[in-house]
Amino acid sequence: MKAKKNAKATPAIDIGISTGDRAKIADGLAKLLADSYTLYLMTHNFHWNVTGPMFNTLHVMFMGQYTEQWTALDLIAERIRALGFPAPGTYREFAKLASIKEVDGNPKAMDMVRHLVAAQEATARTARAVFPAVGKANDQPTMDLLTQRLDVHEKTAWMLRSLLEE
């Protein structure tokens, strides 16, 4: 006697965005997730290792930044999942997808700030690069997410850059 299957097949995703368009958007968001995770890790590392006369200011500032980044990681990954694709989640995947390279050693405080300005701007560029696919697909939730991320990264880059002015 054969066992009868009670489970039904998972229904196809039917949110008004084609599978191909969802795949393009998810691919762009995977790159954004990789850059965001790399930025998170860099910022947290700098928080732990900053020294010098600006220690307290930078230590506290970096903590605010990496905390915000940590929350953003979940939002980006969950959007990829909502579009029907697996979110990357390993260092190997992130290293392959990220445009930001890890910083070797333990830079001086103001060099940390310079690295973070570049990483914030790189993450903004990665987010901005997803917009054409998102606009074509009329994907408002992803547009909203990208707009919020751009606002954070551009503002944070400006604040960090201000520390480098003489």
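The values are calculated or read from the model by the stated rules, or taken from the named source; none is laboratory data. None of these values were measured; they are calculated from a predicted model. Positions of Cβ are backbone-derived with ideal geometry, glycine not excepted, and every protein chain shown enters the neighbour counts.
From the residues in the range 33-89 that are without any contact (Cβ under 8 Å) to a residue 24 or more places away in the chain and among the charged types (D, E, K, R), which one is farthest from residue 22 (Cα to Cα)?
Across the range 33-89, the extreme among qualifying residues is 74.
Out of curiosity, is residue 141 part of a helix (DSSP H, G or I), in contact with a Lys or Arg (Cβ under 8 Å, 6 or more places away or on another chain) and not charged (D, E, K, R)?
Taking the combined requirement at face value, the residue satisfies it.
Look through 111, 74, 27, 104 and report the one residue that is within 12 Å of the chain's Cα centre (by Cα) and not small (Gly, Ala, Ser).
Residue meeting the stated conditions: 74.
Kindly evaluate residue 142 against the criterion of being within 15 Å of residue 40 (Cα to Cα), at pLDDT 95 or above and either surrounded by fewer than 22 Cβ atoms within 10 Å (Cβ to Cβ) or not hydrophobic (A, V, I, L, M, F, W, C) (or both).
For residue 142, the condition - within 15 Å of residue 40 (Cα to Cα), at pLDDT 95 or above and either surrounded by fewer than 22 Cβ atoms within 10 Å (Cβ to Cβ) or not hydrophobic (A, V, I, L, M, F, W, C) (or both) - is not met.
Tell me which residues, restricted to the range 126-139, are crowded, with 21+ Cβ neighbours inside 10 Å and either of a type in the set (Lys, Arg) or over 15 Å from residue 83 (Cα atoms) (or both).
126, 127
Exactly one condition in (1) in a helix (DSSP H, G or I); (2) free of Cβ contacts under 8 Å to residues at least 60 places away in the same chain; (3) under 16 Å from residue 38 (Cβ atoms); (4) not basic (Lys, Arg) is not met by residue 116; state its number.
(2)
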